[in-house]
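Have a look at the structure below, then the notes.
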Amino acid sequence: MRRIFGEDKVFTNGLRKKSGVRIVKHKVRIKGRLRLYFQASLLMGILLAVIDFYIINVDWKAGAVLAAFVLLYLLTSLILLSYNRTMLMNELISFATQYGQIQKQLLRDLELPHALLDENGKILWMNKMFETVVHKEKGYHKSITTIFPEITKDKLPGEQDFMELKLSHDENDYHVKLKKIPLKEMVQNSDMLQTDEEYDGYLTAIYLFDETALNFALLENDNQSLVTGLLYIDNYEEALETVEEVRRSLLTAIVERKLNKYFGSLDGIVKKMEKDKFFVIIRKKSLKQLMEKKFDLLEEIKTINIGNEMSLTLSIGIGSDGLSYAQNYEFSKAAIDLALGRGGDQAVVKTPSGVTYYGGKSQQMEKNTRVKARVKAQALRELITTKERVLVMGHRMTDVDSFGASVGIYRAALTLGREAHIVIDDINSTIKPLVDAFMSNAEEEEVIVNHARALELSNAGTVLVVVDVNRPSITECPELLKSCRTIVVLDHHRKGDEVVENATLSYVEPYASSACELVAEILQYIGDGVKIKGSEADCLYAGIMIDTNNFMTKTGVRTFEAAAFLRRNGADVTRVRKMFRDDADDYRAKADTVSRATIYENEYAISVCHSDGVESPTVIGAQAANELLNINGIKASFVFTPYNQMIYISARSIDEVNVQIIMEKLGGGGHMNIAGAQLTDVSVEQAVSRLKETLSKMIQEGEI
């Protein structure tokens, strides 16, 4: 049996050879259209015979003439069919043989690089173009991975019939398609191979599509797209006040000239919107240059000095890769908000895929004016008075600052005649002395509620106040953010990528020492005659004291003013100090942590706090980090605390290193001098190694 052009031809009574091609000796069965073609003349002859039979009945002479013609026609057709049959079949067989050779040659010469692989990725065959691309000879039968390391065995189409990937080879970009070719049917039809029903062998066809020119064109088009930016001078008014009045216009002119010259060199446009605000348009190619230079404009602007005692600092927000220019502008507004919320003197680039930060090495400048605090206090008052209930929550593992700020908001709500509750699911040993003192003088029984009760109390008439945190994922009860429509955020931590969305009121001031400082200021403006109990004042004062390490770090004029306000309202320094004395085990654990410290790169102290036998190991770790800063020459300290199957990192510095940007590299955040991070699924050794790698990389790139 032979299959030629999809039609079966049965050869009988032997075959004879002629010119190297088998020729049919006797009868051949033909199917389909070819059979109809052969039989057409005979059918026409039969049709003429039937017509002739009818004509004979009408006129026998005419019928006789037609009968002679039909006989001659049939005889001629039979002779031609008999004579041409062998020649026709010979030509068909010859054409099929030559067609296979032509088809093979076409595949070899095809301009598209393609090859065949076995199940393990070994090359079985490749065409000339594929050989040219990979620079291999015709007999190369090694694994495809030796040519393209990206195409590993798991990238081959096993269970799937089709796979695609992109790779680069010899500075060219290729779109690779891998197609599965099952062998089961071919093997079953073979006369030489035998297999079972479960056989699932296959080959893989690989095709390479060169996209180098396309990618280059897309890159050029992308580089020419426009991005928008907003530039704000952080301390314009403050710097201007330090300059003689006659020279103030000169300072402004120099700033504008420097900005125009800088962005003019990048083929950009700068448009002044207000005295200290600018709008910028540049190409994406120029943005990449800015990012490579780490936004050196931030440092250049500080060099302006015409007698001003205070250096100018910039905040830059850039929006890129949006679907439209309007979306880029929205991104730039969000980016500048982040830059300002993180303390200024930095650049933030926001794209749909994420946010990137640059700079942020300067200390946040404290503003002496309390206008903003008064405005926020009045806004909070209006929100509370329009609702029937207030829920206050901080972050997970509530600390002293979080609890103190919650107590302050609780007192404000009671002063305004509203029901108030503090959400804490687990009262840890750190805040227990404060909680006991506070609850002993509480006016209501259900002051502190757990998560379940808080969710029951939340409704359309509830105001949720979030204190000492602006990241939804680490709040005490994230579900509350979804069940409450009116949300207020009061925090002193720098903003990160994750923020509380749709907050009705947000008061995030990185300059503040603590959330308790912000709340203490709000209490002075939220209503007339706010009376704070001594135990409540203790809670707020303790929050400031703990977060400033006994007023040694991140304290400003307003910090002491807030502390003085609390002292006037009954806060007792001695009473607070007694509450936070360490017990013997905690003191030994802290001393042990300090003694285990190692010095990395001669400037960074790193230690591990072991939590065995310690009730609040994270607090001990934070205290040990503060102690390590007392070592001469130490710029920053890092203490790792394994606790509850997580690794907590406490990072501290004085003024030389921004530990916030270091912790952000590890998924955390915080302040320039006080920050932290939480790592999961890693050992202490791995966590320490990650920190050291991060420090080394940031030192090399000049980020710290």
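The values are calculated or read from the model by the stated rules, or taken from the named source; none is laboratory data. Every value quoted in this text rests on a predicted model; they were computed, and no experiment measured them. Positions of Cβ are generated from backbone atoms using ideal geometry, with glycine treated the same way; all protein chains shown enter the neighbour counts.
Considering only the range 542-572, state which residues are among the β-branched types (Val, Ile, Thr), surrounded by fewer than 19 Cβ atoms within 10 Å (Cβ to Cβ) and assigned to a helix (DSSP H, G or I).
Listed by number, the list holds a single entry, Val557.
Could you list, ordered by first residue, the pairs with Cβ atoms under 6 Å in which the first is in the range 687-704 and assigned by TED's automatic domain parsing to the domain that holds Lys293 and of a type in the set (D, E, K, R) and the second is part of a loop (DSSP other than H, G, I, E, B) and at pLDDT below 90, at least 6 apart or interchain?
Every condition considered, no pair remains.
Can you find even one residue in the range 367-381 that is on the phi < 0 side of the Ramachandran plot, buried (at least 23 other Cβ atoms within 10 Å of the Cβ) and touching a strand residue (DSSP E or B) at 6+ places or on another chain (Cβ under 7 Å)?
yes
Taking only the range 453-466 into account, find how many residues are assigned to a loop (DSSP other than H, G, I, E, B) and surrounded by fewer than 19 Cβ atoms within 10 Å (Cβ to Cβ).
Of the residues in that region, 3 qualify.
Determine which single condition Gly613 fails, assuming it passes every other condition in (1) touching an Asp or Glu at 6+ places or on another chain (Cβ under 7 Å); (2) at negative phi.
(2)
State whether the residues of the range 467-477 include one that is of a type in the set (Gly, Ala, Ser), in a helix (DSSP H, G or I) and surrounded by fewer than 16 Cβ atoms within 10 Å (Cβ to Cβ).
yes
So which residues in the range 429-452 are in contact with an Asp or Glu (Cβ under 8 Å, 6 or more places away or on another chain) and surrounded by 13 or more Cβ atoms within 10 Å (Cβ to Cβ), if there are any at all?
Thr430, Ile431, Leu434, Ala437, Phe438, Asn450, His451
Would you pick out the residues in the range 397-434 that are over 40 Å from the mean Cα position of the chain (by Cα) and under 23 Å from Gln623 (Cα atoms)?
Pro433, Leu434 - these are the residues of the range 397-434 that are over 40 Å from the mean Cα position of the chain (by Cα) and under 23 Å from Gln623 (Cα atoms).
Looking only at residues in the range 666-704 that are among the charged types (D, E, K, R) and farther than 24 Å from Gly341 by Cα, which one is modelled with the lowest pLDDT?
Glu701
Of all residues in the range 639-663 being touching a Lys or Arg at 6+ places or on another chain (Cβ under 8 Å) and buried (at least 22 other Cβ atoms within 10 Å of the Cβ), which is farthest from Leu338 (Cα to Cα)?
Going through the qualifying residues, I end up with Ser653.
Listed residues Ile704, Ile620, Ile634, Ile649; which is closer than 20 Å to Ile546 by Cα, of a type in the set (A, V, I, L, M, F, W, C) and not in a strand (DSSP E or B)?
Among Ile704, Ile620, Ile634, Ile649, only Ile620 is closer than 20 Å to Ile546 by Cα, of a type in the set (A, V, I, L, M, F, W, C) and not in a strand (DSSP E or B).
Mind listing just one residue for me: the one in the range 596-605 that is in contact (Cβ under 8 Å) with a residue 60 or more places away in the chain and surrounded by fewer than 21 Cβ atoms within 10 Å (Cβ to Cβ) and, of those, farthest from Ala687 (Cα to Cα)?
My answer is Glu601.
Does Ser513 qualify as being within 19 Å of Ala675 (Cα to Cα) and either surrounded by fewer than 23 Cβ atoms within 10 Å (Cβ to Cβ) or among the aromatic types (Phe, Trp, Tyr) (or both)?
It is false that Ser513 is within 19 Å of Ala675 (Cα to Cα) and either surrounded by fewer than 23 Cβ atoms within 10 Å (Cβ to Cβ) or among the aromatic types (Phe, Trp, Tyr) (or both).
I'd like to verify a number: residues in the range 516-539 that are over 21 Å from Thr555 (Cα atoms), among the acidic types (Asp, Glu) and touching a residue at least 12 places away in the same chain (Cβ under 8 Å), how many?
Here the count works out to 1.
Give the residue that is farthest from the chain's Cα centre (by Cα), with candidates limited to residues of the range 241-278 that are in contact (Cβ under 8 Å) with a residue 12 or more places away in the chain and part of a loop (DSSP other than H, G, I, E, B).
This residue is Glu244.
Checking Thr415 against (1) closer than 30 Å to Arg567 by Cβ; (2) out of contact with any helix residue (DSSP H, G or I) (no Cβ under 9 Å at 6 or more places or on another chain), which single condition isn't satisfied?
(2)
Any residue in the range 284-293 that is surrounded by fewer than 21 Cβ atoms within 10 Å (Cβ to Cβ), in contact with a helix residue (DSSP H, G or I) (Cβ under 6 Å, 6 or more places away or on another chain), within 22 Å of Leu226 (Cβ to Cβ) and in the same structural domain as Gly343 (by TED's automatic domain parsing)?
yes
What pairs come up if the first residue lies in the range 425-438 and is charged (D, E, K, R), the second is assigned to a loop (DSSP other than H, G, I, E, B) and modelled with pLDDT of 85 or more, and their beta carbons are under 6 Å apart, counting only those six or more places apart or on different chains?
Correct list of pairs: Asp425/Asn450.
What are the residues in the range 101-142 that are touching a residue at least 60 places away in the same chain (Cβ under 8 Å) and in contact with a helix residue (DSSP H, G or I) (Cβ under 8 Å, 6 or more places away or on another chain), if any?
Scanning the range 101-142 gives Leu112, Pro113, His114, Ala115, Leu117, Gly121.
Among the listed residues Lys288, Lys294, Lys333, identify the single one that is within 28 Å of Glu498 (Cα to Cα), under 32 Å from the mean Cα position of the chain (by Cα) and part of a loop (DSSP other than H, G, I, E, B).
Lys294
Can you name the condition, by its number, that Gln524 falls short on among (1) in a helix (DSSP H, G or I); (2) in contact with a Ser or Thr (Cβ under 8 Å, 6 or more places away or on another chain); (3) of a type in the set (S, T, N, Q)?
So Gln524 meets the others, but not (2).
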